[in-house]
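Reviewing the structure listed below.
The values are calculated or read from the model by the stated rules, or taken from the named source; none is laboratory data. Just so it is clear, the structure is predicted and the values come from calculations on it, not from any experiment. FYI the Cβ positions are ideal-geometry reconstructions off the backbone, even for glycines, and counts take in every protein chain you see. The area values use the complete protein model at the heavy-atom level, side chains included, leaving out ligands, DNA and RNA. Shrake-Rupley method; radii C 1.70, N 1.55, O 1.52, S 1.80 Å.
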Amino acid sequence: MRDRLASLKTWALRGASGLRTRFALFVVSLCAVMIVIMVGTASYLDYRDEEAKSLANVHSIANTVSRLATPQLANHHYLILAQELESIAASGMIRIAKVYDPKRSVLIDSDPATSLFDRTPIDPLLLRAIDTRQPQEEVLEATARVALPVWSRDGRLVVGAVLVAASHPELDEILSRIWQRNAAVAAFLLLLAVPVVLKFGRGFLNPIQQLTRVAHQISAGDFSARFPTERIDEIGVLARAYSNMVDVIRSNMEQINKLAFMDSVTGLPNREFFRQHFERWRLLTDGSPRRMAVMFIDLDRFKRVNDSFGHDYGDLLLGQIAQRFEGLLLGDQSGMRPGAMVHGPLRRMARFGGDEFALVMPLGASGLDEAKALAERLMQSVEVPCLVNGHELSVGASIGIAVYPDDGADVSAILKHADIAMYAAKAAGGNAVRIFNRTDGDVQARERLRMETELRMALASDQITVFFQPKIDCASGKVTGAEVLARWNHPKRGLLTPGAFIEIAEETGLILRLGDRVLELACRQGREWIDMGHPLPLAVNVSMRQLEWAGYTDRVLEILSETGFPPEMLELELTETVAMADPEHVRQATQRLRRAGIRFAMDDFGTGYSSLAHLQNLPFDTFKIDRSFIAGVGEEGSHRRIVETILAMARSLDYEVVAEGVETEEQLAFLRAAGCKTAQGYLFGMPMAATMFAAWRRPYLVAAEGQPSSVRPVQARSAAV
Ligand code: C2E
Ligand code: MG
Ligand code: MG
């Protein structure tokens, strides 16, 4: 009951606040007010009219009496006059008629009960008519009275006065008559006006309702609804404004949808679209799972293209490969038997990011063979080199296949298993297709998980340590600094180099804690050497994920202040590929650290194909020439020229240069001749633990105190990694 009352109340409130109801109420109240004013005014005027008519009637009788009285007063025929007055009064038109002769003070009236000789008081109205010689009138209660002067026959003298009183109709009577008449007219007008006004109102409200209806349809997602833009009135203007607004919203929505579901580099659907597509087709109409193959495709050697030619080339290459995939799928579908076309639209290729693609396809009667054959064709299509800006770039594809529902109950499980199969294809040398095999996958997945867990434990205990590799002044042979390199003292597998764990650390985000630890250990050791009187500048490697972390700058400064290592003695190394991926971000992220005095080095320089324009603006102090170039300077050829060019460029831009991976005297001789100031490599010393580094360095320190500088203690090489 209470519910019904509440819903009734809501309905009533909604009805009352509705435009239509409000308009109807407005129209009715307006009509009512106008009718009240109209009826009131008309009634007042009618009343005045009635009153005037009634007085005019009495006036005309008084005139008649006055004309009768003139000869009778002249001849003193008072009795005849009295009879005449009686007969006028008897007609019922008047109540009483009186004639007064002021000369003889005789008052004649129409009342038979009074005689001529009765001494009745003279009505003041009669006296006023004689005195003023003007007609007098008054309406008292229900009686209208008119007094007129009676003129002599020649019309010069007033010989008497006449007074006629007649019953005036009752006010209530007149008013009710007038009201009845006017109310009838008003009702008629109302009956006529309300439908006309409502009709006009409907014509006004209907387009607004139409606008509202269309707006509701659009807000419910139906963008095909059209506003009445063809109207030329204000509603049309409003409709056009709405329509323009909806066009903008529609195009924004399309753009948002595109961004949300499309990969902007290749124009292929993205991961989210793939997931939704998979979900949509996962079940058959009877609710049973539809057998589908999912391929995970990863390009081989793509990173090398990206590192060597830059991301723009990488993107163009991805675009071309996506086109090949699409072309192959389309061609494949058009060549299918008509009965098999039903599977066509279900096949979808998507790009997941980087060099990863995925494809979903329903499995027909031929089962996995069809999927394997398609995977082989996709792989072969990638093998043909792509021509990007005049360069022939060749990559390969490793493809893993998993089957729904056999290999997993949902899209995440299937993708994970296809990914594992893809890794197996990569491990087998790449450019291969592998079907997911539960045992392989489990082993590989478990191995990665084990490494991640162990790395976490390593960070919590003291298994992560740092090694130092010396940097040598080529001319004097003095130690000018050291590069700090992370090492993992694994309890079972022994000392691990970064190649075994940096990638996993980056993938899992553990690189933040790892980098933190390396920097802290390096600075603490650096401070210790300062306190011992042998200060040494240190270079620490930094990954992009560290630089992207908002708190990185604060953390570096905190470690420096905690350990007391001077910022001017610290250099942070970023690889060229990382530095060039987003130069503007690198510039911003390093700003405060540079202001604090920290130097920056571009590591593995020469592998990232930096543009000169960018180099000039990047916040670096040092280039470290990648060891692949140094390894090639032994023989005459392009590597020598590359190193010479880098050195010349560095000189002109005022950068310092460190040659990495110097292993032979020949390489050192070439670098010296080419004007390279600093070198690092096994020729001088391998990365060493702090104690070993101190021991290795001792002869240099002695040399610095007076002995020839060319002494080089190479014995440390065998005891380090
Ligand atoms: P990098 O920064 O270019 O470090 C130089 C690498 O070259 C070191 O490998 C070093 O042992 C090796 N090397 C030095 N001289 C020679 C030589 O004469 N011949 C040859 N063949 N190799 C030489 P390592 O220690 O295995 O480090 C590998 C890479 O791991 C480093 O390359 C650096 O990019 C990364 N890394 C090392 N420590 C860290 C760290 O704490 N954080 C981050 N993010 N990356 C690190
Ligand atoms: Mg380095
Ligand atoms: Mg390097």
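Is it fair to say Met649 is open to solvent by 20 Å² or more (accessible area, probe 1.4 Å), out of contact with any His (no Cβ under 7 Å at 6 or more places or on another chain), more than 16 Å from ligand 3 (Cβ to nearest atom) and aliphatic (A, V, I, L, M)? In short, yes. Within the range 589-604, residues that are assigned by TED's automatic domain parsing to the domain that holds Cys523 and open to solvent by less than 10 Å² (accessible area, probe 1.4 Å) have Cβ atoms under 6 Å from residues that are more than 15 Å from ligand 2 (Cβ to nearest atom) and outside any helix (DSSP H, G or I) in these pairs: Thr590/Pro619; Phe600/Pro619, counting only partners at least 6 apart in sequence or on another chain. Here His534 fulfils each of the conditions (1) assigned to a helix (DSSP H, G or I); (2) more than 16 Å from ligand 3 (Cβ to nearest atom) apart from (1). When Phe620, Phe605, Phe600 are checked against the criterion of being hydrophobic (A, V, I, L, M, F, W, C), within 44 Å of the chain's Cα centre (by Cα), at pLDDT 95 or above and within 16 Å of ligand 3 (Cβ to nearest atom), a single residue qualifies: Phe600. Of all residue pairs spaced 6 or more apart or on separate chains, none has beta-carbon atoms under 6 Å together with a first member in the range 199-216 that is among the basic types (Lys, Arg) and a second member that is assigned to a helix (DSSP H, G or I).
The rows are residues; the columns are (1) basic (Lys, Arg); (2) loosely packed, with under 13 Cβ neighbours inside 10 Å; (3) in contact (Cβ under 8 Å) with a residue 24 or more places away in the chain; (4) not in a loop (DSSP other than H, G, I, E, B).
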residue	(1), (2), (3), (4)
Ser87	no, yes, no, yes
Ile94	no, no, yes, no
Tyr100	no, no, yes, yes
Arg104	yes, yes, yes, no
Pro121	no, yes, no, no
Val150	no, no, yes, yes
Asp154	no, yes, no, no
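Residues are listed down the side, and each one gets a yes or a no for (1) in the same structural domain as Trp151 (by TED's automatic domain parsing); (2) under 16 Å from Thr143 (Cα atoms); (3) of a type in the set (Val, Ile, Thr):
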| position | (1), (2), (3) |
| --- | --- |
| Val28 | no, no, yes |
| Asp49 | yes, no, no |
| Lys53 | yes, yes, no |
| Ser66 | yes, no, no |
| Gln72 | yes, no, no |
| His77 | yes, no, no |
| Leu81 | yes, no, no |
| Leu85 | yes, no, no |
| Ala97 | yes, yes, no |
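For the range 502-546, the set of residues classified as in contact with an Asp or Glu (Cβ under 6 Å, 6 or more places away or on another chain), β-branched (Val, Ile, Thr) and modelled with pLDDT of 95 or more is empty.
Scanning the range 451-481 for residues that are hydroxyl-bearing (Ser, Thr, Tyr) and over 12 Å from Lys677 (Cα atoms) yields Thr453, Ser461, Thr465.
A Cβ distance below 9 Å, combined with a sequence gap of six or more or placement on separate chains, defines the contacts here; from the range 660-673, residues that are more than 16 Å from Asp626 (Cβ to Cβ) reach residues that are of a type in the set (A, V, I, L, M, F, W, C) and within 11 Å of ligand 1 (Cβ to nearest atom) in the pairs Thr664/Leu683; Glu665/Leu683; Leu668/Ala659; Leu668/Val662; Leu668/Ala679; Leu668/Leu683; Leu668/Phe684; Arg672/Ala679. Among the residues of the range 26-45, those identified as surrounded by 11 or more Cβ atoms within 10 Å (Cβ to Cβ) and among the polar types (S, T, N, Q) are Thr41, Ser43. Selection of first residues in the range 537-548 that are farther than 12 Å from Ala505 by Cβ and of second residues that are assigned to a helix (DSSP H, G or I), restricted to Cβ pairs under 6 Å at least 6 apart or on distinct chains, gives the following pairs, ordered by first then second residue: Pro537/Met569; Leu538/Ala522; Leu538/Gly526; Val540/Leu519; Val540/Ala522; Met544/Val578; Leu547/Ala589. When we screen Arg48, Arg67, Arg128, Arg133 for residues that are of a type in the set (Lys, Arg) and at pLDDT below 85, the only hit is Arg48. Listed by position, the strands (runs of 3 or more DSSP E) contained in the range 421-500 that have at least 2 residues being away from ligand 2 (no atom under 16 Å from the Cβ) and either under 47 Å from the mean Cα position of the chain (by Cα) or in contact (Cβ under 8 Å) with a residue 24 or more places away in the chain (or both) are 433-435, 464-473, 479-490.
Let's see how each residue does on (1) at pLDDT below 95; (2) loosely packed, with under 15 Cβ neighbours inside 10 Å; (3) in the same structural domain as Arg592 (by TED's automatic domain parsing); (4) basic (Lys, Arg):
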| residue | (1), (2), (3), (4) |
| --- | --- |
| Gln463 | no, no, yes, no |
| Val466 | no, no, yes, no |
| Ile472 | no, no, yes, no |
| Thr480 | no, no, yes, no |
| Pro491 | yes, yes, yes, no |
| Asp554 | no, yes, yes, no |
| Glu558 | no, yes, yes, no |
| Phe565 | no, no, yes, no |
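For the range 648-655, does any single residue satisfy the condition of being part of a loop (DSSP other than H, G, I, E, B), away from ligand 1 (no atom under 14 Å from the Cβ) and assigned by TED's automatic domain parsing to the domain that holds Glu573? Checking the range 648-655: at least one residue is part of a loop (DSSP other than H, G, I, E, B), away from ligand 1 (no atom under 14 Å from the Cβ) and assigned by TED's automatic domain parsing to the domain that holds Glu573. Scanning the range 567-585 for residues that are more than 23 Å from Ile642 (Cβ to Cβ) and either within 16 Å of ligand 2 (Cβ to nearest atom) or not assigned by TED's automatic domain parsing to the domain that holds Leu536 (or both) returns Leu570, Glu571, Leu572.
To keep it simple, each residue is scored yes or no on (1) away from ligand 1 (no atom under 16 Å from the Cβ); (2) in contact with a helix residue (DSSP H, G or I) (Cβ under 9 Å, 6 or more places away or on another chain); (3) more than 20 Å from Thr563 (Cα to Cα).
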{"position": "Ala445", "(1), (2), (3)": "yes, yes, yes"}
{"position": "Leu459", "(1), (2), (3)": "no, yes, no"}
{"position": "Ser476", "(1), (2), (3)": "yes, no, yes"}
{"position": "Ile504", "(1), (2), (3)": "no, yes, yes"}
{"position": "Ile511", "(1), (2), (3)": "no, yes, yes"}
